[in-house]
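What follows is a single structure, written as structure tokens, with notes after it.
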Amino acid sequence: MPTKTELAVALVLTLNLTLLAWYMLSSPSSDSEYNNNTPSYFKLWCFYFLLDATCGHLFHTLLLHPVRWIARRLPGAVVPSLNEEQKLVEQEAASNDVSLDWPSADVIAKLPSDWVTVVSLSRHNKERETVGAVNERTIVSKSASSKKKGTKLKNEKPASSYSGQQSHNTQSNHKKSKNETSSTSMVQQPFYLNHVRGSTRIRQASQRIGASVGSILATYMICHLSSQSITLEDVGLSVLPSTHNNKLVVHDLAWGFLVGSSIVSIIFIMEVYLGWIKIVDFFQTVVPNESFPISFLWDVLFHIGVSINEEVMLRGWMFTLGCRGILGMALDWFEESSTAATFSIIIAIILQSSLFSFLHLHSPGSTYISLLNLFFGGIAASINVMVAGGSLWLGIGWHFGWNIFMGHVLGRSTSGIPMSCACIEVVPRPMSSKEISFDMYHGGTFGPEQGVLAPLAYIMGILMVICVYGFDGMITWRDSLVVSHSY
């Protein structure tokens with residue numbers, strides 16, 4: 001559990017940053033190029049990201065002890081003791097628990113015979129390669145040991161030659177070690193999907209909930225501590241209908257959820273039809289004696305936290321306020337204010353989409369294809385904000401519907417995020433007997449966001465949103481950017 005020192009540090013750091021933000025933002029900006037109350041957006045961004053990180057860490061630290069207490073009392077829980085802090089941290093950070101028996105014998109019995117044959121051959125070949133590599137190193141080691149004395153007397157080499165040979169051997173062993181690790185990973189995870197226990201998912205969910213609370217609190221504090229004209233509506237978090245969007249929050253959330261879940265369902269149906277995935281069961285947990293409703297609850301909380309945290313940070317601060325900050329400079333570069341506004345929107349979209357993609361760089365199974373697809377996903381998310389008149393609630397609903405349906409309703413991997421249960425349990429198709437890798441189609445460990453159907457899903461989602469909302473909100477919001485800098 002977190003020590004008193006860790007709690008104190010997290011609390012003191014958050015309070016100090018809050019006081020610093022109040023001191024720096026409570027007086028009118030002295031570095032503004034305008035004589036009005038035009039905000040210094042760069043300063044606001046810096047304080048937001050600092051407060052977001054510290055507040056998120058504080059709330060996660062506060063939640064961790066009670067969440068670990070609950071996790072130990074869940075059905076089927078396997079949680080290290082409080083004295084095993086290192087094991088606790090490793091378990092909570094795990095993307096895949098290799099101790100779990102998945103797929104089970106019952107699941108394997110439902111798979112096509114050629115799928116099972118390919119995996120069996122792959123396992124056999126990889127195990128044989130691993131054993132062969134170990135035996136080869138053992139023989140070489142024994143041979144070197146037995147001839148060590150004679151070699152030293154008869155064939156003594158200069159220090160530089162020995163050093164080079166030692167470096168070569170070290171590099172070779174390092175490469176073999178990496179290959180064996182990769183082989184072991186393939187043997188342990190032949191069907192791509194990541195799984196952890198429900199007692200692990202609740203602790204992972206607490207981290208995401210803490211981060212989302214930190215994002216909202218950091219936004220609230222900056223909007224109220226700053227003397228500059230920044231409001232929750234500017235960030236996209238207004239809970240009341242505005243001049244740019246007269247829809248209720250529930251309306252935006254519902255439509256976003258419907259669109260996000262619908263497009264994921266469409267590509268799921270296509271994957272099943274094309275034979276890229278196989279449905280094997282329904283309403284199952286990875287650990288048989290765990291409770292499905294309880295495990296599913298942790299997944300819901302996890303993705304609520306992800307949706308709020310990423311949308312507020314990326315689409316609220318990076319895109320919405322990014323447009324305003326860039327426009328302040330672009331007005332000096334273009335004669336037409338409308339051209340400057342269009343330019344600022346394009347640049348803000350590129351920046352936030354790039355950061356959105358970069359944040360998934362080290363996700364399990366990530367490749368350049370997944371990063372490119374996520375860049376397109378960032379563009380779609382920016383369009384959500386614009387058609388909703390600058391509101392984030394439509395995008396939050398889409399993000400949550402996309403994630404929860406993909407990962408835990410339809411049983412597909414979401415950016416490599418592990419699962420502990422699924423309403424529809426599926427198995428992605430492994431490499432075929434002709435060594436055709438199907439992960440380029442269904443996305444492998446990373447999931448459909450790395451598959452060939454992801455761009456189609458984003459396009460369908462954009463078209464659905466535009467059909468519902470039209471272009472009025474987008475035009476009104478774009479015009480408001482110019483108005484905000486025209487006084």
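The values are calculated or read from the model by the stated rules, or taken from the named source; none is laboratory data. In this text, all values refer to a predicted model and were calculated from it rather than measured experimentally. Note: ideal-geometry Cβ built from the backbone for every residue, glycine included; neighbour counts use all protein chains shown. The protein model used for the area step is the full one, side chains on, heavy atoms only, and it has no ligands, DNA or RNA in it. Shrake-Rupley method; radii C 1.70, N 1.55, O 1.52, S 1.80 Å.
Show me the helices (runs of 4 or more DSSP H) found entirely inside the range 155-265 where at least 3 residues are among the hydroxyl-bearing types (Ser, Thr, Tyr) and modelled with pLDDT of 95 or more.
So the answer is 198-225.
Just checking: which of the helices (runs of 4 or more DSSP H) contained wholly in the range 286-391 hold 3 or more residues that are within 19 Å of Phe257 (Cβ to Cβ)? Can you show your working first?
Details: elements: 292-310, 321-330, 337-358, 368-387.
It comes to 292-310, 368-387.
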- Message: Looking at Pro288 and the list (1) free of Cβ contacts under 8 Å to residues at least 60 places away in the same chain; (2) open to solvent by 10 Å² or more (accessible area, probe 1.4 Å), which single condition is not satisfied?
- Response: (1)
- Query: Is the range 311-324 home to any residue that is touching a residue at least 12 places away in the same chain (Cβ under 8 Å) and in contact with a Pro (Cβ under 9 Å, 6 or more places away or on another chain)?
  - Reply: yes
- Query: What are the residue pairs meeting all of these: first residue in the range 3-23, first residue touching a residue at least 60 places away in the same chain (Cβ under 8 Å), second residue part of a helix (DSSP H, G or I) and polar (S, T, N, Q), Cβ atoms under 9 Å, and 6 or more apart or on different chains?
  - Reply: Thr18/Thr54
- Would you mind finding the one in Leu331, Leu327, Leu297 that is without any contact (Cβ under 8 Å) to a residue 40 or more places away in the chain and farther than 21 Å from Thr54 by Cα? Leu297
- Can you tell me which residues in the range 261-278 are under 16 Å from Asp114 (Cα atoms) and either among the charged types (D, E, K, R) or buried (at least 16 other Cβ atoms within 10 Å of the Cβ) (or both)? Trp276, Ile277, Lys278
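Look through the range 398-425, keep the residues that are in a helix (DSSP H, G or I) and touching a His at 6+ places or on another chain (Cβ under 7 Å), and return whichever of them is most open to solvent (accessible area, probe 1.4 Å).
Looking at the filtered set, the residue picked out is Phe400.
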- Quick check: anything in the range 61-82 open to solvent by 20 Å² or more (accessible area, probe 1.4 Å) and among the polar types (S, T, N, Q)? yes
